[in-house]
């Protein structure tokens, strides 16, 4: 039995759901169909035919390619970054704030971090320019690979849905 309508879940995804319903939805136990409704709302937002398997961020997803059946990371504009186990950041447009001038675009003067100790790396979709992530490491630190999701376990143990088909990498 579903507690919320497809329309309410779509409004939640868009950020336009009223606060009272949002609070109730977040504080109550999740119903069995919530994840399916969430995926359907995300799928309705994108124009590509690939099936969304798992959202990675507000505008980034692991999808099942409609043509190859492989799982790939894709922006909601349709740009394909890489396979789902690869570090998508290595395929993004990267802007590194590593000068005092670049840092003062974000922070007031004298409040910015010392660029000898910390830089900002901003990761953008090379097709549409959407910012997907920001890191604040030391200058010499390698690009951070956030995580490699265990999609099979997530589907079997958490959402109790059939695992989406995937072609071998």
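The values are calculated or read from the model by the stated rules, or taken from the named source; none is laboratory data. If you're wondering where the values come from, they're calculated on a predicted model, not measured in any experiment. Methodologically, a virtual Cβ is constructed for each residue, glycine included, from the backbone with ideal geometry; neighbour enumeration extends over all protein chains shown.
Determine, yes or no, whether residue 35 is surrounded by 12 or more Cβ atoms within 10 Å (Cβ to Cβ) and in contact with a helix residue (DSSP H, G or I) (Cβ under 9 Å, 6 or more places away or on another chain).
Answer is yes for this residue.
Spot the failing condition for residue 25; the list is (1) free of Cβ contacts under 8 Å to residues at least 24 places away in the same chain; (2) within 15 Å of the chain's Cα centre (by Cα); (3) surrounded by 17 or more Cβ atoms within 10 Å (Cβ to Cβ), and only one is missed.
(2)
Of the conditions (1) within 22 Å of the chain's Cα centre (by Cα); (2) without any contact (Cβ under 8 Å) to a residue 60 or more places away in the chain; (3) under 20 Å from residue 54 (Cα atoms), residue 35 fails just one. Which one is it?
Of everything listed in (1) within 22 Å of the chain's Cα centre (by Cα); (2) without any contact (Cβ under 8 Å) to a residue 60 or more places away in the chain; (3) under 20 Å from residue 54 (Cα atoms), residue 35 misses just condition (2).
Could you pull out the residue among 8, 43 that is part of a helix (DSSP H, G or I), at pLDDT 90 or above, at negative phi and surrounded by 15 or more Cβ atoms within 10 Å (Cβ to Cβ)?
The conditions single out 43.
So how many residues does the stretch 145-169 have that are loosely packed, with under 12 Cβ neighbours inside 10 Å and either out of contact with any strand residue (DSSP E or B) (no Cβ under 6 Å at 6 or more places or on another chain) or at pLDDT 90 or above (or both)?
Residues flagged as loosely packed, with under 12 Cβ neighbours inside 10 Å and either out of contact with any strand residue (DSSP E or B) (no Cβ under 6 Å at 6 or more places or on another chain) or at pLDDT 90 or above (or both) within the stretch 145-169 amount to 12.
Taking the stated definitions as given, is residue 69 assigned to a loop (DSSP other than H, G, I, E, B) and out of contact with any helix residue (DSSP H, G or I) (no Cβ under 9 Å at 6 or more places or on another chain)?
Here the answer is yes, as residue 69 does meet what is asked.
Look through 52, 62 and report the one residue that is under 26 Å from residue 7 (Cα atoms) and in contact with a helix residue (DSSP H, G or I) (Cβ under 6 Å, 6 or more places away or on another chain).
52
So residue 132 clears everything in (1) surrounded by 15 or more Cβ atoms within 10 Å (Cβ to Cβ); (2) under 20 Å from the mean Cα position of the chain (by Cα); (3) more than 30 Å from residue 36 (Cα to Cα) except one condition, right? Which one?
(3)
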